[in-house]
């Protein structure tokens, strides 16, 4: 069973990669070899090292294709949508890395570190334009009406993404951030594109608003669960697997879910947090105080709650056969990952 | 005659402004007042001063609406396309200002100067997403097929824009840039969006590939002429009208058309240019050497050549009535402007 699922995933992944390479190649049509190189480098096809880590997990395009199959469609017809969401994801990563001043991404230098901020902003913009051009290829196998619906879904997700990113950037410089604000931010920054991925996959298979809504909600809740789990691992994860130093989110002062919960519930944690001491002793104390405040179990419970909702949405969609199992399996694995 | 043309332009302009305001308002739907403020500020509706200068000339949306009328359509149906091209133009300005480290735009601080680079990159991305969402409203008065064609035109223009910007950024750091490379860069950076504007206007009126092509070429050649004239004014313009210090392009070392021509034709100019002296005497000497090399008359001739081509394309399109005259008038005015 597992081996057959892995085979199917490999088939999807290699088809996605080919579609992505073709999309990115169009940027070089009028002689822009370096622009092409920047995009290919970021996608993990050029530069050292180029391996599966440098390409990332391609979770979003996989969700598009598997959702399409699970909704009874031919996954090959959903390839333009799969490539488009991955290109949007990568456009946002190129810009996020500049905004967060991150030097490393997937174990390699970020685009702005290699080519400077001006070219990196523009490379992200080119990736954004490529994504939308790619989505138009849906029209080869779908009606004008389905293509237009798909375009609207992706554009709305992009707007939502920038709204979430705006909130994330704003919260960095603010003293108090409420839990409500956290949920709104995550809905944009993480869940919007996952939600678009599953909905686009389903829409490629069938034009049924009720079913598409179930897939949309599945992706949204999966995205929320995914982000909460990410926040959990940022403090209680196994650093050998996450590749980040343990408790690193406490050291960088990131306002993650457990931190916001702790700030609301524990004055002792708040005092410690406000001192911004980043030595080992102080970080261990913060972890202890978070656990005492109930932040660890709250975060775990929230991740589980969203996963439950996601699986419930998926079950409402009545996914078919093999791909349906694969989606359930993916959701569970994403949540119970250690890194 | 002039007064009636001005009246018509005013009607177009106020309709465009309303459409733009509605588009930008959608960004605040889930409570992003500051993101909304950044976009409104950049569009010239908020902050000090807010006047017609702070909003820019809105040339592109005017070209959309007048092209639509000239091609026999109802200009109101082209409003979504008009707003979309102006939003794309402004997205690119927000990012260009970061990339060029420009502090001022339309007499006011640039977005990144006011809110920092991270928020400014993201505000540009939000404007990009809004533009494409706005274009989808074409579907209210046009078929799915026309809407899809319009979307493809705008996305291709966006990709072309980023290719031109990539070249512009690359040329800054390079010793030799050929005239051919200059023309390719301008075709992307300036002409692509003007070309999309006139084509989108025509397509809103009628689905005739031959006529739409004439409008597309009209916009393209107008864009080329416009950029060449801009380069001309950067050296020989009246600083009181351009608002830039006279000969400023020589002081900043911008590789404009007359400079590239001078570098190819005059060793004396090349020597002087390579010294990078920016005192008044040295700049006056460069201007003199450029004139001796024939760069001034070459630049004027090229601007006229592209304007002639543009007017020829327009005449091939057989524009109707009043709007046709308005387009011709606009083209001529753009070229013979002094600032």
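The values are calculated or read from the model by the stated rules, or taken from the named source; none is laboratory data. Small disclaimer: the values here were computed from a predicted structure and weren't measured. Positions of Cβ are generated from backbone atoms using ideal geometry, with glycine treated the same way; all protein chains shown enter the neighbour counts.
On the given criteria, is residue A:235 at pLDDT below 95, more than 14 Å from chain B (Cβ to nearest Cβ) and buried (at least 20 other Cβ atoms within 10 Å of the Cβ)?
yes
Please specify each residue of the stretch B:34-69 satisfying the condition of being under 17 Å from the mean Cα position of the chain (by Cα) and either in a loop (DSSP other than H, G, I, E, B) or surrounded by fewer than 16 Cβ atoms within 10 Å (Cβ to Cβ) (or both).
Selection gives B:44, B:52, B:53, B:56, B:57, B:58.
For the stretch A:100-120: of the residues being closer than 26 Å to residue A:187 by Cβ and facing another protein chain (nearest Cβ under 10 Å), which is surrounded by the fewest Cβ atoms within 10 Å (Cβ to Cβ)?
Filtering the stretch A:100-120 for residues that are closer than 26 Å to residue A:187 by Cβ and facing another protein chain (nearest Cβ under 10 Å), the one surrounded by the fewest Cβ atoms within 10 Å (Cβ to Cβ) comes out as A:101.
Are any residues in the stretch B:185-201 away from every other protein chain (no Cβ under 14 Å) and surrounded by fewer than 24 Cβ atoms within 10 Å (Cβ to Cβ), and if so, which ones?
If the condition is that a residue be away from every other protein chain (no Cβ under 14 Å) and surrounded by fewer than 24 Cβ atoms within 10 Å (Cβ to Cβ), then B:190 is the only one that fits.
Considering every residue within the stretch B:121-137, establish whether at least one is more than 10 Å from chain A (Cβ to nearest Cβ), in contact with a helix residue (DSSP H, G or I) (Cβ under 6 Å, 6 or more places away or on another chain), in contact (Cβ under 8 Å) with a residue 12 or more places away in the chain and surrounded by fewer than 20 Cβ atoms within 10 Å (Cβ to Cβ).
Within the stretch B:121-137, one or more residues are more than 10 Å from chain A (Cβ to nearest Cβ), in contact with a helix residue (DSSP H, G or I) (Cβ under 6 Å, 6 or more places away or on another chain), in contact (Cβ under 8 Å) with a residue 12 or more places away in the chain and surrounded by fewer than 20 Cβ atoms within 10 Å (Cβ to Cβ).
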